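Every read-out reported here was derived from the displayed coordinates using simple, explicitly stated rules and does not represent laboratory data. As the structure is a computational prediction, the values presented were derived from the model and not from experiment. Cβ: placed from backbone, ideal geometry, glycine included. Neighbour counts: every protein chain shown.
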Amino acid sequence: MITKKEEYLLRRRRKKITHVELANYLHCSQSLISRYETNKCGMSQKKIEKYRKYIDEKEI
């Protein structure tokens with residue numbers, strides 16, 4: 001069973017959303033997105049909600 005984080009990572013990749021694009025939207029570094037997705041650090045709940053919202057609403 002995949003986690004919610006893994007599900008969003010897969011959805012982000014399918015929609016071809018880059019770390020840079022997400023970082024610009026979230027006003028954070030690209031490396032934070034990368035570290036979050038690889039479980040090397042966390043993000044605030046507010047950033048996680050914005051991360052998910054962007055992926056949910058982005059058109060393919």
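The lysine pair tally for region 4-57, using Cα distances under 17 Å and a gap of 8 or more places or different chains, is 16. In a DSSP loop and with at most 16 other Cβ atoms within 10 Å, the GluC sites (Glu not before Pro) in the chain are Glu59. Inter-label distance, Ile2 to Ser34: 2.2 nm, where each label sits 7 Å from its Cα along the C-beta direction.
Per residue, the convex hull spanned by the alpha carbons of the chain comes to 78 Å³.
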